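Quick notes on the structure that follows.
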Amino acid sequence: MFTELNSILNTSPENFKQGEFILVSDRQTDASFLIHHFLSFYLRAGCKVCFLGLVQSFSHYSSVSQRLGVSLPQAKEKGQLIFLEGLTESLGVLVHEDSNTASQVVDFLRNPDVGLRGLYEFVRSSVSGSAGGEAGVEGWGPPVLLVDDISVLMSLGLSIGAMLDFSHYCRALVCSRLQGNMVMLVRCDGEEEDDDTEEGSERLLKGLTHQCSLTLQVQGLPTGFCRDIHGQVEVCWQRRQGDGQQTQKKLFQYKVHDKGASFFARGTSSAVL
């Protein structure tokens, strides 16, 4: 959990805004350190977390979380964390030819036309009862959905429309109905694509940006590699007011450490002062 980032976002595990969809994107760099932050943040906050790990194993996230002071095996054992290991689920579908043995969660691997209904049903069953009702017995806070990263589904044959529909329905369930939060990572290719491009990560990013309330856009430094500054992140708050939308943006630079990350205003790093 990154204290400086919490200060920038004006939040803490003890007091955070509910019903938010937070979109994390990266370009020419790796923003997965923010996913690790939000995972530890919401577990510390006592939330019921459903994590769709589509690109890394549980052991990977567990190792990083351990350095951040959070035990994923313990959270999983208590029922606070429900983790979908996408690599394992996908392997089970690809290895077994009998469709009866295939996981319904990733049935789109056999037939992309079915979309992400199976994945949505997994999310729905994971967060059901997390707000009130059964959650009161378990003692967990509002549900949280983490996705790392949804853009990988494009390489598996899923359409942009299917991913945007999935995000829309998850937001309606988790953020609106259950007053929980969503954090989703999307990766973009190097250069921005033409506006007329029918498919691609840029179109996915634009579609998801219209749905979210907060974006963290992580990029490499425009000046190139620097040992003491690893990149920059643009934080954009989107608030609906009446028929319009108010946008506020702030730009920060960051450096990732072994047990966290430092954030500072552009040009204020000790490396350039």
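Summary table
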{"read-out": "Extension gain, Arg44 back to Trp237 (0.36 nm per residue minus Cα-Cα distance, nm)", "value": "67.1 nm"}
{"read-out": "³J(HN,Hα), Karplus 6.51/-1.76/1.60, whole Hz, each residue of segment 58-64, x for Gly, Pro", "value": "4, 4, 5, 5, 5, 5, 5"}
{"read-out": "Per-residue ³J(HN,Hα) for segment 37-53, Karplus 6.51 cos²θ - 1.76 cosθ + 1.60, θ = phi - 60°, Hz, x for Gly and Pro", "value": "4, 5, 4, 5, 4, 6, 5, 5, 6, x, 7, 7, 10, 9, 10, 9, x"}
{"read-out": "Long pairs among Lys17/Lys259; Lys48/Lys78; Lys206/Lys259; Lys17/Lys250; Lys48/Lys255; Lys17/Lys255, criterion Cα-Cα beyond 21 Å", "value": "Lys17/Lys259; Lys206/Lys259; Lys48/Lys255; Lys17/Lys255"}
{"read-out": "Neighbour-count order for Met163, Met184, fewest beta carbons within 10 angstrom listed first", "value": "Met163, Met184"}
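A short reminder: the numbers here are calculations on the coordinates, not readings from a lab. What you are looking at is a predicted structure, and each value in this text was computed from that prediction instead of being measured. Using ideal geometry, Cβ is built from the backbone for each residue, glycine included, and neighbour counts are taken over all protein chains shown.
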